[in-house]
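Taken together, the values in this text are just the output of simple stated rules run on the coordinates, not laboratory data. These numbers were taken from a predicted model, which means no experiment stands behind them. We place every Cβ from the backbone using ideal geometry, glycine too, and count neighbours over all the protein chains shown.
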Amino acid sequence: MRIPIMKGILSLLYPTILVCAYDYPFQFAPTGFWLTNQSLSYAAPKPLKYQHWFHNSRPQVKTISDGACNLSLAAYLGDATARETLGPVNSYCWTHSNCILATVNPSILQSFASASILLGLMPTILSMLGPSVAETALLSLERPLLSLLISLGAPALFPMRFLIWVDPLGAKNPKAGAWIISCNSRHWKIVLSIAQYVLAGAAVVVNFYTAWSLGVNTVLVWFCDLSYWPVLWVSLGTVTHILEVLSLRVSRLSEVSENKTRAFSSRVFFFLRREFTPTAFSKPEDFKVKISPLAVLLQYFGAIAALLHLVFGTALFSSLLYIGNQGAMSVFGRFGAAAIVSRVILHFEISGMIDQDKIQQRLIKGIVQSDGESEERDM
């Protein structure tokens, strides 16, 4: 008996806590969002809300939006007669949203609530699936354009520990379980390079399209009218990448000076050749790192930016309305696929940069073994 009672209580509390009970004369508006009523001539920014819905919630929610709540919908869309009939309101967007939430079936509200939990956890899970900040920065030394595509294609980057210096060049050292890739075929070089850019570009498209559709099909609790917030979150992930790249470039000491003495046209050709050549087919440039105060400061700022990015994403995605469990799983699946593709491309490139002179006898069937495993095999 307790479970049905709890479900009933939750179904009543969820819309009440979220947007309060709807009433045309006294609709709820979050404190501090609007100090005055919206003008009768107010034009809602495009793309308009309540025109597109996720598949699982579309039948019932769209029927209520176009039927029982048609007056508030017409007022939101700019109908002057509907706005005069409705009277003064703080927000036409929220007025219509409150009407829908007060009318929709409680089971749909429960689906919205559970979806918000999954979406709130999504940024942290995606950061574990995606590439790390240090590795994308390391790849930027060899292939900066591909590194940028990877950072855009990964919804969230795995953050670093705050106030702990992480040497990005450490990824070039062989580790247990790492794959060592070394190829010489020119044809494979062209095929792999094209495949990498196609897959990385596809991950970027999927990433931004998913974020845009999520913003258009839902309503954000703390900003009803606008749809660009998920796209903004996806774009802000590059801030962490840029800070880490700057930190590495500030601390980098190159042992190769030939490129600095070349003519500009030769340097452009050298850059393009390195950019479009997978690291497994080229000899990575040798670098050393000098830990300067500026480099350390930039890396610390990057760690803070990565953490704030995850916090912002958690607050953002857990505050979206009108997306159920199926829609949330679809969004998570597309974001996750983009993160995994970006991670695989980066792992392949980092594997090609591993210093093979340090492997010695630890390489067995293309996999780096731990020191203990190597000693056992030698015995």
Potential lengthening between PHE312 and ASP79 on full extension [0.36 nm per residue; Cα-Cα distance subtracted] = 80.4 nm
Would you order GLU275, GLU84, GLU142 from fewest to most other beta-carbon atoms within 10 Å of each residue's own beta-carbon?
-> GLU84, GLU275, GLU142
Using a Förster distance of 56 Å, the FRET efficiency for LEU272-ALA43 (Cβ separation, nearest 0.05) = 0.75
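Sum up the charges of everything whose Cβ sits under 15 Å from the Cβ of PHE54, counting Lys and Arg as +1 and Asp and Glu as -1, but leave PHE54 out.
On the way: positive: LYS49, ARG58, LYS62, ARG334; negative: none.
So the surrounding residues net to +4.
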